[in-house]
1. Might you check whether a residue that is of a type in the set (Lys, Arg) and at pLDDT 65 or above occurs anywhere in the stretch 71-93?
2. What pairs come out if I take residues in the stretch 36-56 that are more than 17 Å from Leu85 (Cβ to Cβ) and touching a residue at least 40 places away in the same chain (Cβ under 8 Å) and pair them with residues that are among the β-branched types (Val, Ile, Thr) and part of a loop (DSSP other than H, G, I, E, B) whose C-beta lies under 6 Å away, six or more apart or interchain?
3. Looking only at the stretch 64-84, how many residues end up being part of a loop (DSSP other than H, G, I, E, B) and surrounded by fewer than 17 Cβ atoms within 10 Å (Cβ to Cβ)?
4. Scan Val61, Val39, Val9 and give me the residue that is surrounded by 12 or more Cβ atoms within 10 Å (Cβ to Cβ), at pLDDT below 85, outside any loop (DSSP other than H, G, I, E, B) and in contact with a Leu (Cβ under 8 Å, 6 or more places away or on another chain).
5. Counting only residues that are surrounded by fewer than 17 Cβ atoms within 10 Å (Cβ to Cβ) and either modelled with pLDDT of 85 or more or aliphatic (A, V, I, L, M) (or both), how many does the stretch 94-110 have?
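The values are calculated or read from the model by the stated rules, or taken from the named source; none is laboratory data. This structure is a prediction, so every number in the text was calculated from the model and none was measured. Every residue, glycine as well, gets a Cβ built from its backbone with ideal geometry; the counts of neighbours run over all protein chains shown.
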Amino acid sequence: MDSRKLLVVLDLNGTLLARLQNRKEHKSERVAYQANPTVPKPYLDTFVMHLIESPEFEVAVWTSAGFNNATAMVMGTFGSNTEKLSFTWNRTQCSDVASTTEDHSSKKDLRKIWDDPVYNAEQLWSEVRRLLMPPKLCAKGRRISGRAVACEQNI
């Protein structure tokens, strides 16, 4: 990893992908088939390739989806570029803020990245050198500490 690069941490649901209520809503071949299917946002491929190929960014994914859904969505979104991601985190790395066992509400505490001995062993990333792209600056956005960019929910 290059210390001059900014770390871009992407969320999947609502930012790169739109979650569908059922498969019949969209006839795209790129729908990730899982419990709740998703469809890529417009120009996703262009956006992803720009980030992955840019000398300015290290790209990572942190989603609150469970392991199996996260894996399917990351593979469907990044394909062969998945191996170029700095890391891929799922609900396991989130802090639980759920009020019931059926509630999967969680918090993405960026300090976990800064303090991680594996992914930040060289202490390249900090509150100064990162950019997080949450689904939107609303209920979820309030549970994310750090710099954020709002993304519209249009598909």
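1. Pass one, the stretch 71-93, residues of a type in the set (Lys, Arg): 84, 91.
Next, only the ones that are at pLDDT 65 or above stay: 84, 91.
Within the stretch 71-93, one or more residues are of a type in the set (Lys, Arg) and at pLDDT 65 or above.
2. Val39/Val31; Lys41/Ile155
3. So the first thing to find is which residues in the stretch 64-84 are part of a loop (DSSP other than H, G, I, E, B), and the list is 64-66.
From the residues that got through so far, the ones that are surrounded by fewer than 17 Cβ atoms within 10 Å (Cβ to Cβ) too are 66.
Here the count works out to 1.
4. On inspection, the qualifying residue turns out to be Val39.
5. Counting residues in the stretch 94-110 that are surrounded by fewer than 17 Cβ atoms within 10 Å (Cβ to Cβ) and either modelled with pLDDT of 85 or more or aliphatic (A, V, I, L, M) (or both) gives 2.
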